[in-house]
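The values are calculated or read from the model by the stated rules, or taken from the named source; none is laboratory data. Computed from a predicted model, the values in this text were never measured in an experiment. Cβ placement follows ideal geometry from the backbone for every residue including glycine, while neighbour counts extend to all protein chains displayed.
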């Protein structure tokens, strides 16, 4: 592991523990050259999951792209980054804990909306308005009516 401060490649692990969710390992490390400490996280590398886009193209699933869209929906809402990361973890588990290695953007969007609706209704409406691309106010109002019943 390369030290982020001095770029030295030798260091030692001072502490190791599993994350609260158990999906990664947090390691506290110390550089043997400069003596500074830093934290790393280890996650299991899984087989690349493919996303089938609306136009039929395929691309690798990008967690950061999904996070960006969700962060826009929860902007100025009482939703923490930890809640966003937990939501994305749930979405990944729901979609990729099968033998399927491909998933459509539609399936991803539906799972995200379902989870956002439970987390924050305003964020849900924001995400849905972009994801579903409402054509007019009537479509938007119909969605709100369904949500309010």
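Odds and ends about this structure:
- In the set 86, 73, 107, only one residue is in contact (Cβ under 8 Å) with a residue 60 or more places away in the chain, closer than 21 Å to residue 125 by Cα and either in contact with a strand residue (DSSP E or B) (Cβ under 6 Å, 6 or more places away or on another chain) or part of a helix (DSSP H, G or I) (or both); that residue is 86.
- Candidates 55, 85 - the one that is under 23 Å from residue 130 (Cβ atoms), outside the structural domain of residue 16 (by TED's automatic domain parsing), modelled with pLDDT of 90 or more and loosely packed, with under 12 Cβ neighbours inside 10 Å: 55
- Scope segment 88-116; condition exposed (fewer than 14 other Cβ atoms within 10 Å of the Cβ) and within 13 Å of the chain's Cα centre (by Cα); matching residues: 93
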